[in-house]
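Read through the structure below, which is laid out as structure tokens, and then see the notes.
The values are calculated or read from the model by the stated rules, or taken from the named source; none is laboratory data. This is a predicted model, so every value here is computed, not measured. Note that we place each Cβ from the backbone using ideal geometry, even for glycine, and neighbour counts take in every protein chain shown.
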Amino acid sequence: MIIIGEKINGTIPKVGRAIAERDEAFIRDLAIKQAEAGADYIDVCAGTAPEVEEETLIWLMNIVQDAVDKPLCIDSPNARMIEKVIKHAKRPGILNSVSKEGDKTDVIYPLMKGTDWQVIALTCDDKGIPYDVETRVNITKELVEEADKYGITPDRIHVDPLVMAISADNQSMITFLESLKQIKELYPTIKITSGLSNISFSMPLRKVINATFLTLATYAGMDSAIMDPLDRDIMAALLATEALMGRDRHCRKFTTAYRKGKIGPKKDKK
Ligand code: THG
């Protein structure tokens, strides 16, 4: 599983406060902790008013890149904001995100041409977010065909089919997994991703639902997840899933994580 650490996000109240106070140490610590916990990419999302988003993102990007040796996942609802800040990235990571809304592809794809940047492609368009399989697959086709014009191959695209809360749609995970299956049949090298927390919205015991979703989706072939790597229970579930799927030779990753106190009972740091 490719882990995209979601913690540096100004919409989380504590993080929003740290951003407002320009508390560099707090952001730095979040970057280091997520990297140590196993994040492959560090998502940075300003979550601020548009007027200050650019300087906030650049500030966050610089702190993270200074603190850890992990590529960024630049998270903004505004494609032109991503265009403005991308030059501050020291190396290619993931652009979060493109979709068929407005002219997003015309802004995002040229930034990726001839580079190693990857992208998260949301299956939504100007009509909104579809939750049926057919529309998700059709939007994916459009996004992949458009990407091809810029030489962007499917293996650089993480399709995010935007899973709906199960409290709102009982079949949410089932249609998500069917979308995953059909998209992968069309494009075997494409990646499928998801934010973990959307599925459990307005439910009790959200973390149990998120962890179980992660387990089932991983088994079904999900490639990456936007998640909280500091959540020890979710990380334990993920490591167990990968061991059970035969992806962890001699269960070494699982036992090492346990021995180091990264999962299971906390061990005091010496
Ligand atoms: N898809 C894509 N990008 C995304 C999302 C997605 N970016 C934003 C979001 N969804 C993913 N990021 C977060 C960040 C924080 C939280 C949820 C999603 C969050 N955090 C609380 C915290 O850390 O304190 C609570 C954690 C918890 O209780 O689990 O809520 O779907 N492409």
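Checking each residue in segment 11-57 for being surrounded by fewer than 16 Cβ atoms within 10 Å (Cβ to Cβ), touching a Ser or Thr at 6+ places or on another chain (Cβ under 9 Å) and within 18 Å of Ala225 (Cα to Cα) picks out no residue at all. Among all residues of segment 140-160, there is none that is of a type in the set (A, V, I, L, M, F, W, C), at pLDDT 95 or above and over 25 Å from Gly114 (Cβ atoms). With respect to Asp69, is the statement that it is within 19 Å of Ile152 (Cα to Cα) and either away from the ligand (no atom under 16 Å from the Cβ) or buried (at least 20 other Cβ atoms within 10 Å of the Cβ) (or both) true? For Asp69, the condition - within 19 Å of Ile152 (Cα to Cα) and either away from the ligand (no atom under 16 Å from the Cβ) or buried (at least 20 other Cβ atoms within 10 Å of the Cβ) (or both) - is not met.
Of all the criteria given as (1) out of contact with any strand residue (DSSP E or B) (no Cβ under 9 Å at 6 or more places or on another chain); (2) within 24 Å of Leu143 (Cβ to Cβ); (3) away from the ligand (no atom under 15 Å from the Cβ), the one not satisfied by Tyr187 is (1).
Can you go through Arg247, Arg252 and tell me which one is in a loop (DSSP other than H, G, I, E, B), farther than 25 Å from Cys45 by Cα and either under 22 Å from the mean Cα position of the chain (by Cα) or away from the ligand (no atom under 14 Å from the Cβ) (or both)?
Unique residue meeting the criteria: Arg247.
Taken over segment 109-128, the criterion of being β-branched (Val, Ile, Thr) and within 17 Å of the chain's Cα centre (by Cα) is satisfied by Val119, Ile120, Thr123.
Among the criteria (1) among the aliphatic types (A, V, I, L, M); (2) within 13 Å of the ligand (Cβ to nearest atom); (3) touching a strand residue (DSSP E or B) at 6+ places or on another chain (Cβ under 8 Å), the one Met164 does not fulfil is (3).
In segment 214-230, the qualifying residues are those that are within 12 Å of the ligand (Cβ to nearest atom) and surrounded by 18 or more Cβ atoms within 10 Å (Cβ to Cβ), and the one that is nearest to Val144 (Cα to Cα) is Ser224.
Checking the stated criteria, Gly195 turns out to be closer than 17 Å to Cys73 by Cα, within 16 Å of the ligand (Cβ to nearest atom) and not aliphatic (A, V, I, L, M). For Gly261, the conditions (1) assigned to a helix (DSSP H, G or I); (2) away from the ligand (no atom under 16 Å from the Cβ); (3) without any contact (Cβ under 8 Å) to a residue 40 or more places away in the chain; (4) surrounded by fewer than 18 Cβ atoms within 10 Å (Cβ to Cβ) are fulfilled apart from (1).
Is it the case, given these coordinates, that Glu178 is free of Cβ contacts under 8 Å to residues at least 24 places away in the same chain, away from the ligand (no atom under 15 Å from the Cβ), within 30 Å of Asp106 (Cα to Cα) and out of contact with any Pro (no Cβ under 9 Å at 6 or more places or on another chain)? Here the answer is no, as Glu178 does not meet what is asked.
Can you tell me which residue within segment 204-213, out of those that are free of Cβ contacts under 8 Å to residues at least 40 places away in the same chain and within 16 Å of the chain's Cα centre (by Cα), is nearest to the ligand (Cβ to nearest atom)?
The extreme case among them is Asn210.
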